[in-house]
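Bear in mind that the values in this text are calculations on the coordinates, not laboratory data. Since we're looking at a predicted model, the values are computed, not measured. Note that we place each Cβ from the backbone using ideal geometry, even for glycine, and neighbour counts take in every protein chain shown.
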Amino acid sequence: MIQSAQVASKFTLFTHHAKTFPDLVTALRNSMLRAGVFRNEKTAEEQVVQVLNFDIHLVKDFRGRRYIERVTECIPVEDKNEYTFDHRKEKTLEGKLDKFMDNATMYFTKSTNKELYKYVNIMEYHDGTYVLTNPISEHNIREMRNNMDDSDIEGFDKFLERNWGIKMESYNAGDEDEYSLDDIPPVGEKKPAKRGRKPKAVK
């Protein structure tokens with residue numbers, strides 16, 4: 001399933017019985033290890049989180065009612081280079097050692113506690129109604145819009161602006177939409193001011 005989702009299909013839909021999102025990732029990772037596809041846990045987990053865009057979690061309560069409890073988005077964490085060269089600015093050996101230790105601490109933290117993904121609930125079921133909790137990531141919004149026709153894009157853009165204050169500009173094929181998730185307020189707060197498109201460089 002993981003291999004097919006990576007190369008052989010537009011999208012992959014499958015079912016699983018994990019109770020939480022981390023349990024889902026762990027179960028799929030362990031299945032890949034047992035199947036002999038991978039031998040390294042981190043490598044197997046990286047492949048899993050690259051495939052899991054959204055988890056739609058269904059439950060059945062004690063009354064026998066079935067409903068969607070939450071919709072969760074998986075966001076792979078990019079491994080960024082956060083090291084500094086501030087030691088060059090230090091005048092004393094003690095200052096240089098302090099900066100070196102800062103970089104060494106960051107290195108060992110990345111090596112031993114590497115975070116491969118984050119997950120956020122996009123929608124949750126509370127007291128008989130569905131509540132939008134977090135905006136969809138910029139990457140997945142772009143991918144979703146790229147697979148919609150014009151009428152669907154129009155409705156989706158209205159949904160984004162109404163619920164999360166995300167203003168999508170019309171664009172030509174090949175152009176990237178420009179907005180920042182840093183400017184999106186929590187649900188219910190005032191929408192941000194409209195942001196203009198960046199001017200294109202003159203060649």
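Summary of computed values
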read-out	value
Exposure proxy ranking, count of Cβ atoms within 10 Å, fewest first, for Val48, Val7	Val7, Val48
Flagged links, alpha-carbon separation over 25 Å, of Lys42/Lys118; Lys19/Lys118; Lys19/Lys114; Lys10/Lys118; Lys42/Lys167	Lys42/Lys167
Residues Ser4, Ser137, Ser151, sorted so that the one with the fewest Cβ neighbours within 10 Å comes first	Ser151, Ser4, Ser137
For Thr133, Thr105, Thr15, Thr43, order by how many other beta-carbon atoms lie within 10 Å, fewest first	Thr15, Thr105, Thr43, Thr133
Asn146 versus Phe62: modelled label distance in nm, points set 7 Å from Cα along the beta carbon direction	4.7
In order through the range 115-129: 3J(HN,Hα) via Karplus (6.51 cos²θ - 1.76 cosθ + 1.60), integer Hz, x for Gly, Pro	8, 8, 7, 10, 9, 9, 7, 7, 9, 9, 9, 9, 6, x, 9
Calculated FRET efficiency for the pair Met101/Lys19, C-beta based, R₀ 41 Å, to 0.05	0.50
Long-range amide H partners of Cys74 with built H, under 5 Å	Phe54, Asp55
